[in-house]
Amino acid sequence: MLEEYIKPDREPSTEEFNLIRLLVEKANYSRPNWDVGLRVAEMQDGMGSLLLIPQGQLNQNRLFKDCISEITIKDYDGIDVLISLNIDQDDYLFELDVWKVNFGAVQAFRKCTNTVHSTIKHRFTYYYNSGKEYE
């Protein structure tokens, strides 16, 4: 069952919400009011992935449909972290998938600050405008 893999749901932190919003904007996600009542549940993957719960209603029958947006950042230790925003079969936000390429715990996501968010936005803007990976 799904409950085995997640912690109890809660409101997203400001940093988590800002990151989700950045990925939503990058994807041009068009579902209205996607943020109203949004709740998250930490997944037991050891990296910081979040199950996204639209309108605070957990549906046990949701299935992954597609990744609509992703970004790669460097963690504090210099290791790449891929952050993907996924939707379910009904096009609702489904998951913020966080994967550190060495399978370690993600430090930046846990200690996220406005500075980290600004860095992510700057890197995304650089990549989006130049088409080159940020160094």
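A short reminder: the numbers here are calculations on the coordinates, not readings from a lab. Everything quoted here is computed from the prediction, not taken from an experiment. Positions of Cβ are generated from backbone atoms using ideal geometry, with glycine treated the same way; all protein chains shown enter the neighbour counts.
Full extension of the chain segment joining GLN57 with ASP9 gains 16.3 nm, where the gain is 0.36 nm per residue of separation less the Cα-Cα distance.
Excluding ILE20 itself, what net charge comes from residues whose Cβ is under 11 Å from its Cβ, given Lys and Arg +1 and Asp and Glu -1? Intermediate values should be presented prior to the final figure.
On the way: positive: ARG21, LYS26; negative: GLU15, GLU16, GLU25, ASP35, GLU95.
Cβ neighbours under 11 Å give a net charge of -3.
On full extension, the segment bounded by PHE17 and LEU82 gains 21.7 nm, given 0.36 nm per residue less the C-alpha separation. A simple spin-label model places pseudo-atoms 7 Å from Cα toward Cβ; at PHE103 and VAL36 they are separated by 4.3 nm.
What does the charge add up to near SER84, with Lys and Arg as +1, Asp and Glu as -1, over the other residues with Cβ less than 9 Å from its Cβ? Here the charged neighbours net out to -3.
For segment 21-52, the residues whose backbone nitrogen is under 15 Å from a point 7 Å from the Cα of CYS67, taken along Cα to Cβ, are 23-24, 27, 49-50.
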